[in-house]
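Quick notes on the structure that follows.
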Amino acid sequence: MHDGLAQIVDLEEKWKMTDSKKYYLIEDESKLELPEYIDRPEYVRNKSMGYSLQITGWLIFMWLFMPLLTVFFWWVEGKTIYQQMIIQAAPDSQLSLMNIIVMIAIFICVLLLWATYNWVRFHGKDRRRAPLAIDEQQLASSFKVNKTDILNMQQAKNLTLYYDNKGKLEFFEINHQLKKRISA
C-alpha cells in the first residue's frame, strides 16, 4: 500500500516539475509572439473590409440567435400572457386586448400627425445661425490672456487648457511645453 502511495507522490512531483517548465508567464513583451499589425494599425491595409466583416458577423449572429431568444421568451412567458390577455380579460373590461390595440393605434396616429405637422412647418427652414466672428483681442480678453498667447494657441497642434474650480484659466500647455499664465 505504501508502494502505491509513493508512486502517486512521485508522479505528482514529476507532473509539477514538467508542468512548471511548460507553462510560465512571459513578462518581456519583446518575447511575445504577436503579429505586428496588432501594435501597428498602419499595417492593416483594408480597414473597410475588416469593418464590413465585423458588421456582417454581427448581423449573422443576430439572424441566428434572435429568433431562438424570441422563442425562448415566448415559451417562458407565453402562458402568462395568454392567461392575462385572453382567458381572464373580459371583452367589456377596461384592459381588454381590443382596447389596448386601439390605444396603441391612437398613440401611433398622434405621433405621426405631430411629425407631419413639424415637417410641414419646418421643412426647408434653418433657423440656426453661425456665430459672429471675433478678433484675437476679444478672444484674448475672454480667456484673460494676452494676444500673443492666443496666436500661439491657434497655431499649436496640441493644446491643453487647465482651469481652476471657478472656471478661470490657470495655465495652458502648448505642444507639451508647460507655460504658466501670468495673472492680468
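Just so it is clear, none of the values below were taken in a lab; they were calculated from the coordinates. Predicted model only: the values in this text are computed from it and were never measured. So basically every Cβ, Gly included, is an ideal-geometry build from the backbone, and we count neighbours across all protein chains shown.
Points worth noting:
- Restricting the stretch 111-135 to residues that are within 30 Å of Thr148 (Cβ to Cβ) and among the aliphatic types (A, V, I, L, M) leaves a set whose member that is surrounded by the most Cβ atoms within 10 Å (Cβ to Cβ) is Ile134.
- Meets criteria (in a helix (DSSP H, G or I), more than 33 Å from the chain's Cα centre (by Cα) and loosely packed, with under 12 Cβ neighbours inside 10 Å) for Thr148: yes
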